[in-house]
Structure formats: C-alpha cells, structure tokens
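Reading through the structure tokens given below for one structure.
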Amino acid sequence: MAPKIAIVYYSMYGHVKSLAHAEAEGIRSAGGDVDIYCVEETLSPEVLAKMHAPPTDSSVTVLSNPSVLEQYDGFLFGIPTRYGSFPAQWRTFWDRTGKQWTAGAYWGKLAGVFVSVATQGGGQGETALATMSTLTHHGIIYVPLGYKPVAPLLNDNSEVRGGTPWGAGTFANDDGSRMPSEKELEIARAQGKAFAETLTKFGF
C-alpha cells in the first residue's frame with residue numbers, strides 16, 4: 001500500500017506554498033499518496049493588508065484540528081523562518097497538539113522539513129534544527145534530505161540557491177520579491193520523492 005503523507009505549511013507570500021506543491025509532485029512520482037494543508041493564519045486581515053500579503057489560497061485546506069494528521073504515515077512541514085525558528089502561526093498549531101502528545105498519536109511517524117528564509121544568512125539549517133525539540137517530544141522520526149538525492153544540486157555554487165542536507169529551501173529576499181528558482185523547486189521535488197521512498201522502505 002502506498003505511504004500516506006501530509007504536507008503542512010505556512011506561507012504568507014507564496015514561497016513555501018510553491019515548495020510544498022513541488023514536494024507533492026515528488027511524492028506522487030514515487031507512488032505516494034499526499035494531501036496538502038496550511039496552518040491557520042493568526043494575523044488579522046488589517047495587519048496582513050499592511051504587510052501587502054496576497055489573498056489566502058482558498059483551494060488549500062486549513063488544518064485547524066491536529067487530529068487530522070493522525071491518519072498519515074509521515075509529514076513534510078513547510079516553515080518560513082522567523083529568527084531561525086517557527087513563525088507564530090506554526091507555534092500556535094503545535095500548541096494545540098497536547099492531546100496527541102499525551103496519547104502518543106504521532107509517535108513513530110516520519111517527518112521532514114523544508115524552509116524559506118530571507119537571506120543566505122537567514123538560518124535554513126537553524127530553522128530545521130529548531131524543529132527537533134517539537135518532533136522529539138512527539139516521538140516523530142526526522143528524515144533529513146541528505147546529499148545522496150541531490151548532491152549535484154547542493155554542490156552547485158553557480159547561482160544563489162536555497163536547500164541544504166536538512167531539506168529543500170528558498171531565499172525570499174527581505175521584501176519577499178524573490179520566488180523559488182527552478183533549482184530550488186527541483187530540490188523540493190527530489191525531497192518529496194526521497195521521503196516517499198523512505199516511508200516505503202520502512203514498510204508504511
């Protein structure tokens with residue numbers, strides 16, 4: 001049976017959303033089943049307007065109930081960094097998972113991460129590392145991207161490029177003007193494919 005994977009992300013300006021859909025392409029290419037969710041927005045419409053945020057994509061299901069994730073074998077979490085860690089929208093979601101933590105509902109499931117940062121020093125690896133405490137408390141097994149699926153891309157320094165052995169990534173610029181490049185999307189597709197293959201290897 002094909003592994004069942006949930007991609008869950010937060011994306012104010014669309015950078016992480018683009019990576020999420022590329023990750024889904026990779027999962028499907030490996031025969032995995034995938035659903036895409038976004039976490040709830042915590043900012044008011046007035047604040048979002050002042051930040052020039054585009055309208056929310058109504059085609060993506062908002063994940064308001066953490067119990068929805070209990071049906072999946074694994075997760076890929078899309079995280080735009082805030083000072084090298086989760087943004088408030090993600091933290092609000094995790095703060096609702098006390099029931100799952102108490103019951104061990106996520107224990108033994110697999111997860112990977114992909115990120116968006118503003119600049120090359122914005123903390124791609126640090127953001128992924130900051131997720132480890134949350135994953136550990138839930139007993140979720142972290143699956144890094146590593147180098148094997150994407151070594152030529154990660155070793156290519158001919159252009160500015162997000163993505164690390166921790167997972168796919170993109171640079172957005174401090175004003176959000178830079179969208180994911182084709183190489184960054186290729187890394188995301190490769191991560192989705194490798195993640196689905198890993199779940200299959202583990203018998204999910």
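What the Cβ-Cβ distance of M132 and A49 gives, at R0 = 41 Å and to the nearest 0.05, is a FRET efficiency of 0.70. Cβ-Cβ distance of L153 and Y83, R₀ of 30 Å, FRET efficiency by 1/(1 + (r/R0)^6): the value works out to about 0.65. Largest mean-square fluctuation among G121, G26, G84, in a Gaussian network model of the chain whose springs join Cα atoms under 10 Å apart, belongs to G121. Highest mobility in the GNM of the chain, judged by mean-square fluctuation with C-alpha springs under 10 Å and restricted to K148, K17, K183, is found for K148. Tell me whether segment 1-116 comes out rounded, prolate or oblate; compute the Cα gyration tensor, take square roots of the eigenvalues as a ≥ b ≥ c, and use a/c under 1.5 as the rounded threshold. Since a/c reaches 1.5 but b/c is at least a/b, the shape of segment 1-116 is classed as oblate.
Annotation: the antiparallel percentage among DSSP beta bridges lying fully within the chain is about 5.
Selection among Q124, N173, W101 by position relative to the dipole of the chain gives W101 as farthest towards the positive end (Cβ unit charges, Cα centre). Taken along the Cα-to-beta-carbon direction at a fixed 7 Å, the label points for Q71 and S177 span 4.4 nm. In loop segments of segment 84-150 as defined by DSSP, the trypsin sites (Lys or Arg not before Pro) with at most 16 further C-beta atoms inside 10 Å of their C-beta are R96.
Legend: residues E186, E23, sorted from most to least accessible area (1.4 Å probe; ligands, DNA and RNA excluded), read E186, E23.
Taking only the C-alpha atoms of segment 4-200, the Rg (one decimal) and the largest Cα-Cα distance, Dmax (whole number), read 15.6, 48 Å. In a reduced charge model with +1 at each Lys and Arg Cβ and -1 at each Asp and Glu Cβ, the chain shows a dipole moment near 380 debye about its Cα centre. Counting only DSSP H runs of at least 4 residues, each contributing -39500 (n - 2.57), and dividing by the residue count of the chain, the helix-based mean residue ellipticity at 222 nm comes to -10000 deg cm²/dmol. Result for the chain in a Gaussian network model with C-alpha springs under 10 Å: among T131, T42, T119, the largest mean-square fluctuation is at T42. Evaluated over the chain, the count of Lys pairs having alpha-carbon atoms less than 14 Å apart is 6 (only pairs 8 or more residues apart or interchain).
The values are calculated or read from the model by the stated rules, or taken from the named source; none is laboratory data. Treat the numbers as computed from the prediction; the structure is a model and nothing was measured. In this analysis, Cβ positions are derived from the backbone assuming ideal geometry, glycine residues included, and neighbour counts consider all displayed protein chains. Accessible surface is based on the protein model in full, side chains and every heavy atom, while ligands, DNA and RNA are left aside. Shrake-Rupley method; radii C 1.70, N 1.55, O 1.52, S 1.80 Å.
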